[in-house]
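Undergrad: For reference, the structure I am asking about is given below.
The values are calculated or read from the model by the stated rules, or taken from the named source; none is laboratory data. Here the structure is a predicted model, which means the values were calculated and not measured. Methodologically, a virtual Cβ is constructed for each residue, glycine included, from the backbone with ideal geometry; neighbour enumeration extends over all protein chains shown.
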Amino acid sequence: MSLRLMLWVIAVALFFIAPHVLAEFHLFELCLIAGTSLAVLGLVVVTGMAGQISLAQSAFVALGGYGASILATSWGVPLWAGIPLVAIVVAAFGFVLGQMTLRVAGHYLALATLAVTAIVQLALVHGDALTGGAAGMAVPPFEIFGRTLGSGRELYYVILPVTALFILITQNLATSRFGRALTAIRQSETAAQAMGLDVLRYKAAAFAASAFLGAVAGGLLAPLSSYLDPAQFGITYAVYFLAIAVVGGMLSPVGAVIGSAVFVLLPNYLQAFQSYLGLVFALLLLGFIVLRPNGLASLPWLRQISTALQGAVRPRP
């Protein structure tokens, strides 16, 4: 049995065993890790692959969560249908936004995407008729085939498979023609343009993919939390996603999972230092930037696992 097949068999077995041996709280944590990983995957594409600094991921997550919830409460569209619909619309918004903002680079791009996050948050706060304003809004339960999924144990069977699917897609995207084009752009936009690549369109497409993943994550995390508060989706949340990507590994889809696990689980082990969590995370981020800029996913044994888990369907050259 090959290493890849063995790892996949173990992963599938653990997926079905976990709900029978873990408590509800731990299953909730697994769902939270998976949903956060999905949002951070967007940064792996736009920042890790394409080299564009984005602080708009928080805005995309907010639009996905609020959009799917509004469709469900106001128009009766179930979440399982509303999430992909909203994600496509948010992806189109991300593509247009990319065309507008990606003509700038570096810290100017970071500031532009930060402004997008601030604008979306303000729109949520002042859109009382749809979003509930500053008080937020309740999220309708996730219903599929007439069954309501209202707990972490039930949502586990939705959030984890969807996240695994998109990790697999992103992993293969990195070695596809599109992924190689993004890598060329990250290394040198001038050289990529000289080779005939439409740099602006590729960067905007990466932005659209990031927006799509963020919106799907927001739509899945919304029923998990059962309530949406616009204060959750501000600038701090945008930096939080970026920190997860840095700690886990900006260039690796598996790094998104590793970083999310660190940031979700670490507070549970630092109960005595809850008042200093911000400082702990800041020092953690600084340490990784200085000592291991490629994140935890660059550890040799984790890199081997990432390579072994890569999708069996290889993209055409």
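Undergrad: Looking at region 146-162, which of the residues that are closer than 30 Å to Pro253 by Cβ and either outside any helix (DSSP H, G or I) or polar (S, T, N, Q) (or both) is modelled with the highest pLDDT?
TA: Among residues in region 146-162 that are closer than 30 Å to Pro253 by Cβ and either outside any helix (DSSP H, G or I) or polar (S, T, N, Q) (or both), the one modelled with the highest pLDDT is Leu149.
Undergrad: With respect to Gly136, determine if the residue is of a type in the set (Gly, Ala, Ser) and modelled with pLDDT of 90 or more. Break it down into steps so the answer makes sense when it comes.
TA: Numbers: of a type in the set (Gly, Ala, Ser): yes; modelled with pLDDT of 90 or more: yes.
So Gly136 passes the test.
Undergrad: Quick test for you: out of Phe212, Phe207, pick the one residue that is modelled with pLDDT of 95 or more, in a helix (DSSP H, G or I), within 13 Å of the chain's Cα centre (by Cα) and surrounded by 24 or more Cβ atoms within 10 Å (Cβ to Cβ).
TA: Working: Phe207 fails: modelled with pLDDT of 95 or more.
Answer to the check: Phe212.
Undergrad: Pull out all pairs, ordered by first then second residue, where Cβ-Cβ is under 9 Å, the residues are six or more apart or on different chains, the first lies in region 218-234 and is on the phi > 0 side of the Ramachandran plot and assigned to a helix (DSSP H, G or I), and the second is at pLDDT 95 or above and not aromatic (Phe, Trp, Tyr).
TA: Correct list of pairs: empty, since none qualify.
Undergrad: I've got another one for you. From the list Ala192, Ala138, which one is within 30 Å of Arg103 (Cβ to Cβ) and hydrophobic (A, V, I, L, M, F, W, C)? Even if it seems obvious, please write down each step before you answer.
TA: Numbers: Ala138 fails: within 30 Å of Arg103 (Cβ to Cβ).
Answer to the check: Ala192.
Undergrad: On to the next question. For region 139-150, indicate whether the set of residues that are under 19 Å from Leu38 (Cβ atoms), among the aliphatic types (A, V, I, L, M), in contact (Cβ under 8 Å) with a residue 40 or more places away in the chain and in contact with a Ser or Thr (Cβ under 6 Å, 6 or more places away or on another chain) is non-empty.
TA: Looking through region 139-150, at least one residue is under 19 Å from Leu38 (Cβ atoms), among the aliphatic types (A, V, I, L, M), in contact (Cβ under 8 Å) with a residue 40 or more places away in the chain and in contact with a Ser or Thr (Cβ under 6 Å, 6 or more places away or on another chain).
Undergrad: Could you look through region 122-162, keep only residues that are touching a helix residue (DSSP H, G or I) at 6+ places or on another chain (Cβ under 7 Å) and of a type in the set (Ser, Thr, Tyr), and pick out the one that is surrounded by the fewest Cβ atoms within 10 Å (Cβ to Cβ)?
TA: Of everything passing the filter in region 122-162, Ser151 is surrounded by the fewest Cβ atoms within 10 Å (Cβ to Cβ).
Undergrad: Could I ask something else about it? Just the residues that are in a loop (DSSP other than H, G, I, E, B) and closer than 26 Å to Leu242 by Cβ, please, taken from region 128-142. If you could, list the steps in order and put the result at the bottom.
TA: Taking region 128-142 and keeping what is in a loop (DSSP other than H, G, I, E, B), we get 132, 136, 139-141.
Result: Gly136, Val139.
Undergrad: Determine whether region 187-202 contains at least one residue that is assigned to a helix (DSSP H, G or I) and either aromatic (Phe, Trp, Tyr) or crowded, with 21+ Cβ neighbours inside 10 Å (or both).
TA: Looking for residues that are assigned to a helix (DSSP H, G or I) and either aromatic (Phe, Trp, Tyr) or crowded, with 21+ Cβ neighbours inside 10 Å (or both), one finds at least one in region 187-202, hence yes.
Undergrad: For Thr117, which of the numbered conditions (1) of a type in the set (Ser, Thr, Tyr); (2) crowded, with 20+ Cβ neighbours inside 10 Å; (3) over 29 Å from Glu29 (Cβ atoms) fails to hold?
TA: (3)
Residue-by-condition table, conditions (1) under 21 Å from Ala118 (Cα atoms); (2) at pLDDT 95 or above:
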| site | (1), (2) |
| --- | --- |
| Pro19 | no, no |
| Phe25 | no, no |
| Gly48 | no, no |
| Leu55 | yes, no |
| Gly67 | yes, yes |
| Ser74 | no, no |
| Val77 | no, no |
| Leu102 | yes, no |
| Ala105 | yes, no |
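Undergrad: Report, ordered by the first and then the second residue, all pairs with beta carbons closer than 7 Å, sequence separation of six or more or different chains, a first member in region 65-79 that is crowded, with 23+ Cβ neighbours inside 10 Å, and a second member that is outside any helix (DSSP H, G or I) and hydrophobic (A, V, I, L, M, F, W, C).
TA: Between residues of region 65-79 that are crowded, with 23+ Cβ neighbours inside 10 Å and residues that are outside any helix (DSSP H, G or I) and hydrophobic (A, V, I, L, M, F, W, C), the close pairs are Gly65/Leu228; Tyr66/Leu228; Ser69/Met137; Ser69/Val139; Ser69/Leu228; Leu79/Phe142.
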